[in-house]
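Undergrad: Below is one structure. I have some questions about it.
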Amino acid sequence: MALRPEGRGFLHVRRDRQQGIQPPIVSHGWNKPRPGYSPFQDGFDWPGTLDPTPWLCLGECIRFLSG
C-alpha cells in the first residue's frame, strides 16, 4: 500500500465538443445508454472503483478559486 496523496481532477467539455472526447477507460455505461444521460455522461460516469471525494470537495474548490 503506497502512502501518497491521490491525484484529482475535474473535466468540463463544452457540449459541442463532447462527441470528440473519449475516456481512457470506458465506463459501465458505455454499452447501455440510459434515459436522460448523454453518451458523454455514460462514457465518463463510472470509470471503476467509486471514490466520491472529488465530488464532495468540488463545491469548496470552486468557492476557493472564485474568491
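No value in this document is a laboratory result; all are computed from the given coordinates. It should be emphasised that the depicted structure is a prediction, and the values quoted were computed from it without experimental measurement. For neighbour counting, all protein chains shown are included, and Cβ atoms are generated from backbone atoms with ideal geometry for every residue, glycine included.
Undergrad: Taking the Cβ of Gln22 as the centre, find all other residues whose Cβ is under 15 Å away and add up their charges (Lys, Arg: +1; Asp, Glu: -1).
TA: That sum, taken over residues with Cβ under 15 Å, equals -1.
Undergrad: So how far apart, in nm, are the two label points at Trp30 and His12 if each is 7 Å from Cα heading toward Cβ?
TA: Result for the modelled spin labels: 2.7 nm.
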